[in-house]
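Please read the structure below before turning to the comments.
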Amino acid sequence: MATQPTRADARGNRARILEVAEEVFGRGGSAASTEEVARLAGVGIATVFRHFPTKQILLEAVLVRHFDRLCERARSLAESDDPGPAFFGFFGQIVADAAGKLAIIEAFTDAGGDVGGKAAQGPRDLREAVGVLLRRAQDAGAVRTDAGLDEVHALLVGVSRAVAHIRLDERARARALEIVFDGLAPGDSERQPRS
């Protein structure tokens, strides 16, 4: 006689499904399948659908989890003793992860998802978290003070999309980031930390 899974088992299955789904849909976009997610997560397709009744619900949960993790990372970096590298490192991380994130968003919208729904809060929270990192880096004299969050966010989105769509190799991506970061660096008159 089969036993019912415990709550801990169910939570473990759900977490594993989300982790695998982020990888599968981040690599394959709309062409990826929930069957592949189930196989790689080591669960049956019924288990996937018990936790996530539709592909759209699964992808929304993946996006929410993705943005939650990025926001947690940004918040932990906001406590860094070295705000400049924290800001620039996080900027680079977002750019490096952009292709996978955009593939998941594409799969979500293709599955009928609404990017204005529950999944929309993550990008807003992330923008706010980037703003905190930016202000701390500016206060430390690592980023020019006339660069507002709107401009920095536009750069972040633009570079991320460009890197994802052009499929730059690692060397070209690093060089593109270096150029952007040089543009964000303070001029000689701004290099002292603000009080």
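The values are calculated or read from the model by the stated rules, or taken from the named source; none is laboratory data. Everything numeric in this text was worked out from a predicted model, so none of it was measured. Positions of Cβ are backbone-derived with ideal geometry, glycine not excepted, and every protein chain shown enters the neighbour counts. In case anyone asks, the SASA skips ligands and DNA or RNA and just uses the protein heavy atoms, side chains included. Shrake-Rupley method; radii C 1.70, N 1.55, O 1.52, S 1.80 Å.
Key figures
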{"item": "Qualifying positions in segment 24-46 - part of a helix (DSSP H, G or I), of a type in the set (V, I, T) and either open to solvent by 30 Å² or more (accessible area, probe 1.4 Å) or farther than 18 Å from I105 by Cα (or both)", "result": "I45"}
{"item": "Subset tally (residues that are under 21 Å from A103 (Cα atoms) and in contact with a Ser or Thr (Cβ under 9 Å, 6 or more places away or on another chain)) for segment 40-53", "result": "3"}
{"item": "Residue within segment 129-150 that is closer than 23 Å to A21 by Cα and of a type outside the set (F, W, Y) present", "result": "no"}
{"item": "Residues (within 28 Å of R167 (Cα to Cα) and either polar (S, T, N, Q) or open to solvent by 50 Å² or more (accessible area, probe 1.4 Å) (or both)) located in segment 52-64", "result": "K55, Q56"}
{"item": "One residue from F67, F91, F87, F49 being open to solvent by less than 20 Å² (accessible area, probe 1.4 Å) and at pLDDT below 95", "result": "F67"}
{"item": "Contacts under 6 angstrom Cβ, first residue in segment 23-45 being over 18 Å from H165 (Cα atoms), partner basic (K, R) and buried (at least 19 other Cβ atoms within 10 Å of the Cβ), 6 or more apart", "result": "T34/K55"}
{"item": "Pairs, first under 13 Å from V180 (Cα atoms) in segment 130-152, second open to solvent by less than 10 Å² (accessible area, probe 1.4 Å) and at pLDDT below 95, C-beta under 6 Å, six or more apart", "result": "R144/P186"}
{"item": "Tally of residues being farther than 12 Å from R75 by Cα, crowded, with 20+ Cβ neighbours inside 10 Å and among the aliphatic types (A, V, I, L, M) across segment 113-133", "result": "1"}
{"item": "Any hit, segment 181-188, residues being modelled with pLDDT of 90 or more, buried (at least 16 other Cβ atoms within 10 Å of the Cβ) and not in a loop (DSSP other than H, G, I, E, B)", "result": "yes"}
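Let's see how each residue does on (1) part of a helix (DSSP H, G or I); (2) touching a residue at least 12 places away in the same chain (Cβ under 8 Å); (3) more than 17 Å from E22 (Cα to Cα):
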| residue | (1), (2), (3) |
| --- | --- |
| V62 | yes, yes, no |
| R75 | yes, yes, yes |
| E79 | no, no, yes |
| A96 | yes, yes, no |
| A99 | yes, yes, no |
| L102 | yes, yes, no |
